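Notes follow the structure.
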Amino acid sequence: MLEIKNLHARIAEDGTEIIRGLNLTVKAGEVAAIMGPNGSGKSTLSYILSGREDYEVTEGEILLNGENILELDPAERAAKGVFLAFQYPVEIPGVATMQFLKVAMNEQRKARGEAELTTPDFLRRVKEVAADLKINMDMLKRPLNVGFSGGEKKRAEILQMALLEPQLCILDETDSGLDIDALKIVADGVNALKSPDRATIVITHYQRLLDYIVPDTVHVLYKGQIIRTGDKDLALELEANGYADVIGQAA
Amino acid sequence: MNMQTTTRLTTAEAALVEAFGAQVGDLPGNGAVIGTRDRLLDDLKKSGLPTRRIESWHYTDLKNLFREVPEANGSAGVSAVAPLIAGSSVLTVLQGEADAKVHAEGFSVSAYKDALSDGSAVKGLTALDKDDAIGRINGSFVRDGFSLSVPAGADLADPIEIQALHAGGQIHTRFPAVFGAGAKATIIERHRAETDAAALVSSISDIALEDGAEVTWILLQQQGAADTHLGQIRVSLGKDAKLRLYVINAGGKLVRQELRIEVEGEGADLTLRGVNLLGGDTHTDVTLVLGHNVPHTTSTETIRNVLFDRASGVFQGMIKVAPDAQKTDAKMACNTLLMSDDADFSVKPELEIFADDVICGHGATVSDIDRNHLFYLMARGVPENKARAMLVNAFVAEIAEELEDEKLVAPLEELISDWLDKHA
Ligand SMILES: Nc1ncnc2c1ncn2[C@@H]1O[C@H](COP(=O)(O)OP(=O)(O)OP(=O)(O)O)[C@@H](O)[C@H]1O
Ligand SMILES: [Mg+2]
C-alpha cells in the first residue's frame, strides 16, 4: 500500500534537513506503529505524506498503491485516500463543522467520480459515526474545532476519518490529551475501520494506545531515519528501557 | 494686500451647482428648508469638494475621485424586490422617491418629503462640521425618504426593511428614525442598484435611541460598479440604549460611509460591525467618529475587510472620550484579508481620551489566508480554490454569526457568499 524509499526532505524555508534517507513499507491491512524521541521527525513525516508545502522532498519517493504521489497537492492525496489525524488539529473560526464535513466528503467523492451524498444520507452517516464515538451532535454545530477540548478535537479527527473512509490512515499522537475512557472509544473507532485493504500508521509515545490498537509492526524513527523495525514486542521493550539501547545499537 | 479669489470649480462641482439650479424649483421644502438648502449649497460651492489636504478626507480625495455627476434622472421602471427577511415591513424608495403605500404595524412612518414641505425637517438639515461634504450635498438635494417612529415600549416582531432601489441618476434620501424608550426593533437599510447605469447617491440616516431602546440596524450597500455612494449615519444613544449597527459594503465604485455616533446616556452600549467586500477598481471609505460623552458606556467596533483586484479601502476610526466619561470601555479592531497584491487597505485608528479611568483599545491586522487552515481543509480533500473560498467566507461570516438570530444570520451569510462567488 505505502512504500517510502530513501526519502530526504527539508524545511522549505531554511533548508534544514529533517528526514534523512527514510525507508518504510506498510502493507494493506497492516497497522504500523511509529515511535521515536521528541523532535525525531514523526510529525514531519506525516505532513510530508499528506503533502504539506512547508517541506521539500529532495530525494526518494513515496508510492501509494504503486503510484508516486509526490506531485499531488494535499487535496488530491486526500482523494486518493490519504488521511492524517493531526497531532494538533487547528481551530477554524467561521467554518461550520457540518458544512465542512459535507464539502470534504463530497469533494472526495467528486474527485473519485462518485455521486455526491444527499443531505439526509450525509446527516444519517454523521449521526451514526458520532454516536459510535460518543460525540454530541451539538458539538458539531460549532465552528470547526473551535472551543473543542483537547480530547474532543482528537475524537473529531477520528470522526472525520470514519466518514472519509481513507485507504491510508495516519494517526499522529491521537492518544495525547485523551482520558482513559476516551482512549478506549477512539481506539475502538480506529479498530472498527481496520480492513484488509486499509493501512494504518499510528504515531505514539505510549504503549497504552498500542494495548488497544495492536500493531503488526513497530518502527523507531530517529533523526529522520527508521533505525529499527520489529513486531509489537519492540514497543514493550522501548516502554521498559527507553530509546537509549536502540539508538546505541544503530549508531 | 487683499485679493479677490475665485475658486475654480471642478467639472463635478460645477455640475452639482448647475444641477441644484435646475432642481431647486421643484425640490420639496418650505421657505426655511429652501433657505437652508441654498446656504448648504453655497458652502459647498465655496469650499469645494474635500481634498486629501483635509484630514478627515485624507484617504478619500473626493475632489479628485468624484469626476462626473450623472444625469439627474435614471431610468424608470424600478420596482420593489422581495425583502431580505421574509415577513418584514417593507418601506420602498424607488429612484429616491418614497412609495406612499406603506403598511406599518406597530410603528408610524411618513414620507420624508412631507417633513421637508412642512418645514419640520429643517433642524436636521445641517452639516455637522465645516468638512461635512455629505451633510451639505444631502441637505441641498434631498428629495425624500421615510421618517420612522417606533413608540416607547414597542417590541416589533418583524424587521422593517427600508429598500432604496435605483436605476442610475441622482438619488438623495434621508431616513430619520426615533426609537422610543424601551422600544425593540430591527431595521434593514438596503441601498441597491438595479441596473449598471451610473448613480450619485447620498443618504443620511438619523437614528435616535431613547432610554433603554434596543435596536439592530443593518445597512447593506450594494450599489453598482459605476456608482458613487455618499452615506452618513448619525446616531444618538440614550441611557441604557443598545444599538447593534452593522454596515456592509458590497458594491459601488466610490463609497464613503460615515458613522457619527454620540453616546449620550449612561449604560448605553454600541456594537458596531463592519464588513467591506471590495473588488474591481473601487474605493471604499468607512469613517467613524464615536463620542463617549458620559460615564459608564461601552462599545465594541469590529471591521472586517476582504479585498480583491485593485480595490482600495480605508477605515478611519476615531473614538473620543469626554473628560467626565469615566469607566468608558471601548474596543476597536480592524482586520483585513488582502487577496490581491494590487489591493490595499489603510487603517487609521485615533483615540482622543480626556478621562483617566477608561479602557480603550484598538488593533489592526492585515493578512493573507492562514496556511495552517488552508492545509487542514485541503488535507481533508477540499480543493485549494474551494478551501480558500471557505476561509475568506469564514473570515467575514463570523461577523454575521454574531447576530445569533438565524433569521438575520442566514440571509447575510448568503449575501456574503454570493458576493464572494462572483468576485473570488
Ligand atoms: N516548519 C518547521 N519549521 C522549523 N522547524 C521544524 C519545522 N517542522 C519541523 N521542524 C523541526 O524538525 C524536527 C522534527 O519535528 P517533528 O515535529 O517532526 O518531531 P516529532 O518527532 O513529531 O516530535 P514530537 O514527538 O515532539 O511530536 C524538530 O526539531 C522540529 O523543531
Ligand atoms: Mg510530533
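The values are calculated or read from the model by the stated rules, or taken from the named source; none is laboratory data. Note that this is a predicted model, so its numbers are computed, not measured. We place every Cβ from the backbone using ideal geometry, glycine too, and count neighbours over all the protein chains shown.
Observations, loosely collected:
- Among the candidates B:Ile233, B:Ile134, the residue that is free of Cβ contacts under 8 Å to residues at least 40 places away in the same chain, under 16 Å from the mean Cα position of the chain (by Cα) and surrounded by fewer than 24 Cβ atoms within 10 Å (Cβ to Cβ) is uniquely B:Ile233.
This table checks each residue for (1) in contact with a Lys or Arg (Cβ under 7 Å, 6 or more places away or on another chain); (2) surrounded by 16 or more Cβ atoms within 10 Å (Cβ to Cβ); (3) outside any loop (DSSP other than H, G, I, E, B).
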site: B:Gly21; (1), (2), (3): no, no, yes
site: B:Gly29; (1), (2), (3): yes, yes, no
site: B:Leu40; (1), (2), (3): yes, yes, yes
site: B:Pro83; (1), (2), (3): no, yes, no
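- Filter result (more than 16 Å from ligand 2 (Cβ to nearest atom) and aromatic (Phe, Trp, Tyr)) within region A:76-120: A:Phe83, A:Phe100
- Just one of the listed residues (A:Gly81, A:Gly51) is in contact (Cβ under 8 Å) with a residue 60 or more places away in the chain, on the phi > 0 side of the Ramachandran plot and in contact with a Pro (Cβ under 7 Å, 6 or more places away or on another chain), and it is A:Gly81.
- Of the criteria (1) out of contact with any strand residue (DSSP E or B) (no Cβ under 6 Å at 6 or more places or on another chain); (2) farther than 29 Å from A:Asp188 by Cβ; (3) within 16 Å of ligand 2 (Cβ to nearest atom), which one A:Asn38 fails: (2)
- Any hit, region A:110-128, residues being away from chain B (no Cβ under 12 Å), of a type in the set (Gly, Ala, Ser), over 30 Å from A:Met35 (Cα atoms) and outside any helix (DSSP H, G or I): yes
- The one condition in (1) within 14 Å of chain B (Cβ to nearest Cβ); (2) in contact (Cβ under 8 Å) with a residue 40 or more places away in the chain that A:Ile185 fails to fulfil: (1)
- Assessment of region B:388-401 against the conditions (more than 14 Å from chain A (Cβ to nearest Cβ), within 28 Å of A:Ser50 (Cβ to Cβ) and not hydroxyl-bearing (Ser, Thr, Tyr)) yields no matching residue.
- Within this structure, B:Arg310 fails the test of being touching a residue at least 40 places away in the same chain (Cβ under 8 Å), of a type in the set (Lys, Arg) and surrounded by fewer than 23 Cβ atoms within 10 Å (Cβ to Cβ).
- Residues (away from ligand 1 (no atom under 15 Å from the Cβ) and in contact (Cβ under 8 Å) with a residue 60 or more places away in the chain) located in region A:196-217: A:Pro196, A:Asp197, A:Arg198, A:Ala199, A:Thr200, A:Leu210, A:Ile213, A:Val214, A:Pro215, A:Asp216, A:Thr217
Here is a yes/no grid of residues against (1) touching a helix residue (DSSP H, G or I) at 6+ places or on another chain (Cβ under 8 Å); (2) within 14 Å of chain B (Cβ to nearest Cβ):
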residue: A:Ile19; (1), (2): yes, no
residue: A:Leu22; (1), (2): yes, no
residue: A:Glu30; (1), (2): no, no
residue: A:Gly39; (1), (2): no, no
residue: A:Ser43; (1), (2): no, yes
residue: A:Arg52; (1), (2): yes, yes
residue: A:Val57; (1), (2): yes, no
residue: A:Glu61; (1), (2): no, no
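- Test: residue in region A:56-74 that is within 16 Å of ligand 2 (Cβ to nearest atom), modelled with pLDDT of 95 or more and not in a helix (DSSP H, G or I): no
- Within region A:136-165, the set of residues being more than 14 Å from chain B (Cβ to nearest Cβ) and under 17 Å from the mean Cα position of the chain (by Cα) comprises A:Gly150, A:Gly151, A:Glu152, A:Lys154, A:Arg155.
- If the condition is being outside any loop (DSSP other than H, G, I, E, B), outside the structural domain of B:Ile207 (by TED's automatic domain parsing) and touching a Phe, Trp or Tyr at 6+ places or on another chain (Cβ under 9 Å), then region B:254-283 contributes B:Thr271, B:Leu272, B:Arg273, B:Gly274, B:Val275, B:Asn276, B:Leu277, B:Leu278, B:His283.
- The test for being within 14 Å of chain A (Cβ to nearest Cβ), at negative phi and modelled with pLDDT under 95 does not hold for B:Asn335.
- Test: residue in region A:30-45 that is within 11 Å of ligand 1 (Cβ to nearest atom), of a type in the set (A, V, I, L, M, F, W, C) and farther than 25 Å from A:Ala79 by Cα: yes
- Annotation: A:Glu53 fulfils all but one of (1) surrounded by fewer than 23 Cβ atoms within 10 Å (Cβ to Cβ); (2) more than 9 Å from ligand 1 (Cβ to nearest atom); (3) modelled with pLDDT of 95 or more; the unmet one is (3).
- Within region B:45-81, being assigned to a loop (DSSP other than H, G, I, E, B), in contact with a helix residue (DSSP H, G or I) (Cβ under 8 Å, 6 or more places away or on another chain) and among the hydrophobic types (A, V, I, L, M, F, W, C) holds for B:Leu49, B:Phe66, B:Val69, B:Ala72.
- Here A:Glu13 meets each of (1) within 16 Å of ligand 1 (Cβ to nearest atom); (2) surrounded by fewer than 21 Cβ atoms within 10 Å (Cβ to Cβ); (3) away from chain B (no Cβ under 14 Å) with one exception, condition (3).
- Residue within region B:344-356 that is in contact with a helix residue (DSSP H, G or I) (Cβ under 8 Å, 6 or more places away or on another chain) and in contact (Cβ under 8 Å) with a residue 24 or more places away in the chain present: no
- B:Gly145 touching a residue at least 40 places away in the same chain (Cβ under 8 Å), assigned by TED's automatic domain parsing to the domain that holds B:Pro50 and over 19 Å from B:Val90 (Cα atoms): no
- Identity of the residue in region A:80-102, assigned to a helix (DSSP H, G or I) and crowded, with 20+ Cβ neighbours inside 10 Å, that ends up farthest from the other protein chains (Cβ to nearest Cβ): A:Thr97
- Residue check: A:Ser176 meets all listed conditions (1) more than 20 Å from A:Leu84 (Cα to Cα); (2) touching a His at 6+ places or on another chain (Cβ under 9 Å) but one, namely (1).
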